[in-house]
Structures are given as C-alpha cells and as structure tokens.
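Comments concern the structure below.
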Amino acid sequence: MVATRASAVLGKYWDGYLPVNVEAIASAMGVEVRYEFMGETSGEIHLEDGRPIMRVNEWDAPVRQRFTIAHELGHYALGHLREDGQKFFRDDRSHYSMSASRLERDANHFAASILMPTDAVHYVIQNGHATTLPALTEMFGVSRAAMQYRAANLGIIER
C-alpha cells in the first residue's frame, strides 16, 4: 500500500527530473512547508484550520530536510492525520530507526519511494548515469545512508 500510494503521488505531481523536487510536490498537494529552527526536531505536520502545515528544521542539512519533507508528506498521503487535529507528528532524529512505530516506518518507506523512485534508480544505473553510491546520492539528493538502505531494499546491493 505504501509503495502504491507513493507511486500515485509521483505519477500525479512529479515532473520526472532528478533530484525529485519534494517541496514542489508538497505545494501541489496543498501542503505548506515552513522552515524554522526546531532544536532536535527534524519536522512535523499538522492541520491548521483544516490545512496541512509542515514545519522543517532550517538548521538540518539539505539532504535531511528533503527526507523530512518526504517523510512528513508520507504521514499526510497515507492518511495518518486526523481532521480533529488531535494527531500530528513531531519527528526527532530517532524516527529513522527500525524500532520506530509502524506509522513511522511507513512514512520512511514512502519518503524513500518518493526521493528514490524504483524505476529511476534502476534506469540511472542500467544506463550508466550513476553507478557508484556517491554518484547516486548526488543524483538523487539524498544521504549516503538513505541511498544505501534504498539500494539494499531494491536488491541492487547486499545489506
């Protein structure tokens, strides 16, 4: 379900260019992205007067901000937010661990699927556009850890 939803979002909002412009996707989905200092918090998403508002830590590295935006979009696209505003997500740096809740793992999977679309990863490798981990991380605008994890999940490299 997560990969299907991510694929639908990409199909509707992605312009096909790399790195995926997650901020443009968020905007097209009606999500306002605000950059602010948030201490140890990476990001959060909640509803204000029925509108989705995302806050992203302005002090995080750009690759971290991109993952946070995609992760928070996952919460939104996967229906994790409630209209009554009682449920919102504030994600600190620990939400990337495997011990995170199912909702956090689903949002991480969504983020990886949005930032590193399966077909695009395979295409750039098969056509020689990027064949090393550093080249892939640069092309997709993600951290080395994120690309390594995604490549392992796609069966491109061994864990």
Would you mind calculating the gained length between HIS129 and ALA145 on full extension (0.36 nm times residue separation, minus the Cα-Cα distance), in nm to one decimal? 3.8 nm
Give me the net charge for the shell around SER113: Cβ to Cβ below 10 angstrom, other residues only, Lys and Arg +1, Asp and Glu -1. +2
Extreme residue, positive dipole direction of the chain, given options VAL31, LEU81, ALA112 (C-beta unit charges): ALA112
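Pairs of alpha-carbon atoms within less than 8 angstrom and 6+ residues apart define the contacts here; what relative contact order does the chain have, in percent? Walk me through the intermediate numbers first.
Values: 223 pairs, mean separation 38.0, N = 159.
Once divided by the residue count of the chain, the mean separation gives 24 percent.
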So if R0 is 35 Å, what FRET efficiency would THR118 and GLU48 give, r being the distance between their Cβ atoms, rounded to the nearest 0.05? 0.55
Given charges of +1 on the Cβ of Lys and Arg and -1 on the Cβ of Asp and Glu, with all other atoms neutral, how large is the dipole of the chain about its Cα centre, in debye to the nearest 20? 440 debye
Taking GluC sites (Glu not before Pro) as exposed when DSSP calls them loop (any state but H, G, I, E, B) and at most 11 other Cβ atoms lie within 10 Å, what is the longest stretch of the chain free of them, the sites themselves excluded? 84-157
Counting only helical runs of four or more DSSP H residues, what would the 222 nm mean residue ellipticity of the chain come to if each run contributes -39,500 (n - 2.57) and the total is spread over all its residues? -14500 deg cm²/dmol
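Values in this text are rule-based calculations from the coordinates and carry no lab data. Computed from a predicted structure; not experimentally measured. A quick note on method: Cβ atoms are made from the backbone with ideal geometry, for glycine too, and the neighbour counts reach across all protein chains shown.
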